[in-house]
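The values are calculated or read from the model by the stated rules, or taken from the named source; none is laboratory data. What you see is a predicted model; the values in this text were computed from it and never measured. Cβ sites come from the backbone with ideal geometry, for glycine too, and all protein chains shown count toward neighbours.
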Amino acid sequence: MRKLGIALLTTTMLAAPAAFAASNTNSDNNGNQQPPQGQQTQQMQKNNSQNRQSGQSQQNQQSAESQQNGRQQSAENSQPISPQSMSRGEVKQVQQALDKDGFKAGPTDGRWGHETASAVKQFQHSKQLQPTGQLNGQTVADLGLDASKFPQPQGQK
């Protein structure tokens, strides 16, 4: 009887780790074995870390593209617009905007002359732009005019 008790106890002890391991794994609805809860948490943390790194990489790439576009746009805005490429109506709009802001552009006749160029230069200086006396996209925008309705700067298409 004593041998039977020892045998029963030994069998129970040997079977207990297997039973514990079986109860520590999970099955999904299809009967597939899932790792224990602790391993699932580690896997989720690893996936979240990878997703964050991927997101940061994507944000860095978007930021670099945005900066490049900003530099390109800034360069385009600083390219001079030839007065010869502008219609008299466009020159007249510039002259009116300069006069409205208190910069004497001469007669509002739609002709680009010395007085208009001088007024543009003074306006640019007041806005802390490079005072060239030539129009560019930034100057047109600062005058409150729609730069997209003016000719493209020289060298731009």
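Identify, by number, the condition in (1) at pLDDT below 95; (2) of a type in the set (A, V, I, L, M, F, W, C); (3) under 22 Å from Gln152 (Cα atoms) that Ala105 doesn't meet.
(3)
Out of all the residues in the stretch 89-144, which are surrounded by 14 or more Cβ atoms within 10 Å (Cβ to Cβ) and of a type in the set (Gly, Ala, Ser)?
Matches in the stretch 89-144: Ala97, Ala105, Gly106, Gly110, Gly113, Ala117, Ser118, Ala119, Gly133, Gly137, Ala141.
Quickly run through the stretch 110-133 and pick out the residues that are part of a loop (DSSP other than H, G, I, E, B) and in contact with a helix residue (DSSP H, G or I) (Cβ under 7 Å, 6 or more places away or on another chain).
Looking only at the stretch 110-133, we keep the residues that are part of a loop (DSSP other than H, G, I, E, B), and these are 110-113, 127-133.
Answer for the stretch 110-133, where residues must be part of a loop (DSSP other than H, G, I, E, B) and in contact with a helix residue (DSSP H, G or I) (Cβ under 7 Å, 6 or more places away or on another chain): Gly110, Arg111, Trp112, Lys127, Leu129, Gln130, Pro131, Thr132, Gly133.
If we keep just the residues of the stretch 129-157 that are aliphatic (A, V, I, L, M) and at pLDDT 90 or above, which is nearest to the chain's Cα centre (by Cα)?
My answer is Ala141.
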